[in-house]
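J.: This is the structure I have questions about; it appears just below.
The values are calculated or read from the model by the stated rules, or taken from the named source; none is laboratory data. Here the structure is a predicted model, which means the values were calculated and not measured. Using ideal geometry, Cβ is built from the backbone for each residue, glycine included, and neighbour counts are taken over all protein chains shown.
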Amino acid sequence: MKKINTCYLFFIILLFLNLFLISKIAANEDNFFLSLKNQEVNLRQGPSFEYPIKFTYKKRYLPVIIIDRSETWREIKDFENNSGWIHISQLSKKKSAINTKNNSILYKKPTIYSKPIAKLETGRLVLIKRCKEKWCKITTGGFKGWIFENSLWGKIK
(Lines give C-alpha, C1' and ligand atoms only; values in the text may rest on other atoms or scores of the structure.)
Protein backbone atom coordinates (compact mmCIF):
# COMPACT_ATOMS: atom_id res chain seq x y z
CA MET A 1 0.00 0.00 0.00
CA LYS A 2 1.38 3.42 -0.97
CA LYS A 3 1.81 6.13 1.60
CA ILE A 4 -0.23 9.26 0.76
CA ASN A 5 1.76 12.45 0.72
CA THR A 6 0.60 14.77 3.54
CA CYS A 7 0.74 17.85 1.31
CA TYR A 8 -1.39 16.11 -1.30
CA LEU A 9 -3.96 15.10 1.35
CA PHE A 10 -3.99 18.67 2.72
CA PHE A 11 -4.55 20.02 -0.80
CA ILE A 12 -7.52 17.66 -1.37
CA ILE A 13 -9.11 18.68 1.94
CA LEU A 14 -8.71 22.38 1.10
CA LEU A 15 -10.20 21.80 -2.34
CA PHE A 16 -13.31 20.13 -0.91
CA LEU A 17 -13.64 22.81 1.75
CA ASN A 18 -13.48 25.55 -0.90
CA LEU A 19 -16.07 23.80 -3.07
CA PHE A 20 -18.37 23.45 -0.05
CA LEU A 21 -18.03 27.16 0.85
CA ILE A 22 -18.55 28.28 -2.75
CA SER A 23 -21.73 26.19 -3.01
CA LYS A 24 -23.02 27.73 0.24
CA ILE A 25 -22.33 31.25 -1.04
CA ALA A 26 -23.98 30.46 -4.40
CA ALA A 27 -27.03 29.04 -2.62
CA ASN A 28 -27.44 32.28 -0.64
CA GLU A 29 -26.86 34.47 -3.70
CA ASP A 30 -30.57 34.40 -4.60
CA ASN A 31 -31.65 35.62 -1.18
CA PHE A 32 -31.61 39.38 -1.59
CA PHE A 33 -34.11 42.19 -1.23
CA LEU A 34 -35.97 44.06 -3.92
CA SER A 35 -39.12 46.18 -3.68
CA LEU A 36 -42.41 46.32 -5.55
CA LYS A 37 -42.26 48.72 -8.49
CA ASN A 38 -45.97 49.54 -8.82
CA GLN A 39 -48.94 50.43 -6.64
CA GLU A 40 -50.66 47.13 -7.55
CA VAL A 41 -48.65 43.92 -7.98
CA ASN A 42 -50.09 40.41 -8.33
CA LEU A 43 -48.61 37.55 -6.34
CA ARG A 44 -49.15 34.27 -8.21
CA GLN A 45 -49.09 30.63 -7.13
CA GLY A 46 -46.50 29.73 -9.77
CA PRO A 47 -44.00 31.24 -12.23
CA SER A 48 -46.38 32.05 -15.11
CA PHE A 49 -49.34 34.29 -15.97
CA GLU A 50 -51.35 31.07 -16.25
CA TYR A 51 -51.13 30.44 -12.50
CA PRO A 52 -53.91 31.93 -10.37
CA ILE A 53 -53.37 35.14 -8.40
CA LYS A 54 -53.01 34.47 -4.66
CA PHE A 55 -53.53 38.16 -3.85
CA THR A 56 -52.63 41.64 -4.97
CA TYR A 57 -50.19 43.89 -3.12
CA LYS A 58 -51.34 47.49 -2.99
CA LYS A 59 -48.20 49.16 -1.65
CA ARG A 60 -45.49 50.58 -3.91
CA TYR A 61 -41.90 50.00 -2.70
CA LEU A 62 -42.91 47.20 -0.30
CA PRO A 63 -39.70 45.23 0.35
CA VAL A 64 -39.63 41.53 -0.57
CA ILE A 65 -36.89 38.93 -0.36
CA ILE A 66 -36.08 36.84 -3.42
CA ILE A 67 -35.96 33.14 -2.55
CA ASP A 68 -35.97 31.49 -6.00
CA ARG A 69 -36.05 32.25 -9.73
CA SER A 70 -37.48 30.74 -12.88
CA GLU A 71 -36.72 32.56 -16.13
CA THR A 72 -38.43 35.99 -15.81
CA TRP A 73 -40.19 35.15 -12.54
CA ARG A 74 -39.01 35.52 -8.95
CA GLU A 75 -40.35 33.66 -5.96
CA ILE A 76 -40.61 36.13 -3.11
CA LYS A 77 -41.41 36.23 0.56
CA ASP A 78 -42.75 39.34 2.27
CA PHE A 79 -42.54 40.72 5.81
CA GLU A 80 -45.47 38.56 6.92
CA ASN A 81 -43.99 35.36 5.38
CA ASN A 82 -46.45 35.29 2.46
CA SER A 83 -44.76 33.76 -0.55
CA GLY A 84 -45.46 33.39 -4.25
CA TRP A 85 -44.25 34.40 -7.69
CA ILE A 86 -43.90 37.88 -9.22
CA HIS A 87 -42.80 38.83 -12.73
CA ILE A 88 -39.47 40.72 -12.74
CA SER A 89 -41.09 43.69 -14.49
CA GLN A 90 -42.93 44.37 -11.21
CA LEU A 91 -39.76 44.54 -9.07
CA SER A 92 -37.49 47.48 -8.32
CA LYS A 93 -34.06 48.01 -6.75
CA LYS A 94 -35.40 50.96 -4.73
CA LYS A 95 -34.16 50.70 -1.14
CA SER A 96 -37.03 50.34 1.29
CA ALA A 97 -37.79 48.60 4.57
CA ILE A 98 -40.49 47.83 7.09
CA ASN A 99 -40.16 48.98 10.69
CA THR A 100 -40.18 45.85 12.87
CA LYS A 101 -40.25 47.42 16.33
CA ASN A 102 -43.23 49.23 17.80
CA ASN A 103 -42.60 52.85 18.76
CA SER A 104 -39.19 53.03 17.07
CA ILE A 105 -37.89 56.56 17.46
CA LEU A 106 -36.91 58.60 14.43
CA TYR A 107 -34.08 60.98 15.34
CA LYS A 108 -32.84 64.18 13.67
CA LYS A 109 -29.24 62.88 13.67
CA PRO A 110 -27.69 59.39 13.99
CA THR A 111 -27.39 59.52 17.77
CA ILE A 112 -29.84 58.89 20.61
CA TYR A 113 -28.86 62.29 22.03
CA SER A 114 -30.34 64.21 19.08
CA LYS A 115 -33.88 65.51 18.82
CA PRO A 116 -36.61 62.82 18.46
CA ILE A 117 -38.81 63.55 15.43
CA ALA A 118 -41.46 60.81 15.47
CA LYS A 119 -42.37 57.34 16.76
CA LEU A 120 -42.95 54.66 14.12
CA GLU A 121 -45.36 51.77 14.54
CA THR A 122 -44.60 48.20 13.53
CA GLY A 123 -45.20 47.61 9.82
CA ARG A 124 -44.47 51.20 8.76
CA LEU A 125 -42.93 51.40 5.26
CA VAL A 126 -39.83 53.57 5.04
CA LEU A 127 -37.61 54.59 2.12
CA ILE A 128 -33.89 54.27 2.78
CA LYS A 129 -31.66 57.19 1.80
CA ARG A 130 -28.43 55.72 3.20
CA CYS A 131 -27.08 53.70 6.11
CA LYS A 132 -23.94 54.12 8.15
CA GLU A 133 -22.72 52.07 11.09
CA LYS A 134 -25.88 51.12 13.00
CA TRP A 135 -28.12 53.89 11.63
CA CYS A 136 -30.21 54.46 8.50
CA LYS A 137 -31.43 57.80 7.16
CA ILE A 138 -35.04 57.33 6.07
CA THR A 139 -38.14 59.15 4.88
CA THR A 140 -41.70 58.15 5.72
CA GLY A 141 -44.97 60.05 5.73
CA GLY A 142 -43.35 63.48 5.37
CA PHE A 143 -40.75 62.78 8.08
CA LYS A 144 -37.00 62.55 7.50
CA GLY A 145 -34.55 61.28 10.05
CA TRP A 146 -32.37 58.50 11.41
CA ILE A 147 -33.45 55.15 12.84
CA PHE A 148 -31.57 52.15 14.22
CA GLU A 149 -30.74 49.72 11.41
CA ASN A 150 -31.81 46.72 13.55
CA SER A 151 -35.39 48.08 13.61
CA LEU A 152 -35.73 47.53 9.86
CA TRP A 153 -36.53 44.56 7.58
CA GLY A 154 -35.71 45.12 3.94
CA LYS A 155 -33.16 46.44 1.47
CA ILE A 156 -31.06 48.76 3.60
CA LYS A 157 -27.70 48.53 1.82
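J.: Evaluate region 83-97: report whether one residue or more is surrounded by fewer than 12 Cβ atoms within 10 Å (Cβ to Cβ), assigned to a loop (DSSP other than H, G, I, E, B) and over 14 Å from the mean Cα position of the chain (by Cα).
T.: The first filter runs over region 83-97 and keeps only residues surrounded by fewer than 12 Cβ atoms within 10 Å (Cβ to Cβ), leaving 89, 93.
Pick out the ones that are also assigned to a loop (DSSP other than H, G, I, E, B) and you get 93.
Checking which are over 14 Å from the mean Cα position of the chain (by Cα) leaves us with none.
Checked against the condition, which is being surrounded by fewer than 12 Cβ atoms within 10 Å (Cβ to Cβ), assigned to a loop (DSSP other than H, G, I, E, B) and over 14 Å from the mean Cα position of the chain (by Cα), region 83-97 yields no hits at all.
J.: Here's something else I'd like to know. Just a yes or no: is a residue in region 12-32 in contact with a Ser or Thr (Cβ under 8 Å, 6 or more places away or on another chain), modelled with pLDDT of 90 or more, part of a strand (DSSP E or B) and within 19 Å of L91 (Cα to Cα)?
T.: Residues of region 12-32 that are in contact with a Ser or Thr (Cβ under 8 Å, 6 or more places away or on another chain), as a first pass: none.
No, every residue in region 12-32 fails to be in contact with a Ser or Thr (Cβ under 8 Å, 6 or more places away or on another chain), modelled with pLDDT of 90 or more, part of a strand (DSSP E or B) and within 19 Å of L91 (Cα to Cα).
J.: Across region 117-147, what is the number of residues that are farther than 20 Å from L62 by Cβ, part of a loop (DSSP other than H, G, I, E, B) and touching a strand residue (DSSP E or B) at 6+ places or on another chain (Cβ under 7 Å)?
T.: 1
J.: Confirm whether S114 is among the small types (G, A, S) and either surrounded by 14 or more Cβ atoms within 10 Å (Cβ to Cβ) or out of contact with any strand residue (DSSP E or B) (no Cβ under 9 Å at 6 or more places or on another chain) (or both).
T.: Details: among the small types (G, A, S): yes; either surrounded by 14 or more Cβ atoms within 10 Å (Cβ to Cβ) or out of contact with any strand residue (DSSP E or B) (no Cβ under 9 Å at 6 or more places or on another chain) (or both): no.
In short, no.
Results for (1) hydrophobic (A, V, I, L, M, F, W, C); (2) out of contact with any helix residue (DSSP H, G or I) (no Cβ under 7 Å at 6 or more places or on another chain); (3) on the phi > 0 side of the Ramachandran plot, shown as yes or no for each residue.
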| site | (1), (2), (3) |
| --- | --- |
| L106 | yes, yes, no |
| K119 | no, yes, no |
| G123 | no, yes, yes |
| K132 | no, yes, no |
| W146 | yes, yes, no |
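J.: I'm told I105 meets every condition in (1) closer than 25 Å to N150 by Cβ; (2) assigned to a loop (DSSP other than H, G, I, E, B); (3) of a type outside the set (F, W, Y); (4) modelled with pLDDT of 95 or more except one. Can you identify the failing condition by its number?
T.: Tallying (1) closer than 25 Å to N150 by Cβ; (2) assigned to a loop (DSSP other than H, G, I, E, B); (3) of a type outside the set (F, W, Y); (4) modelled with pLDDT of 95 or more, I105 fails exactly one: (2).
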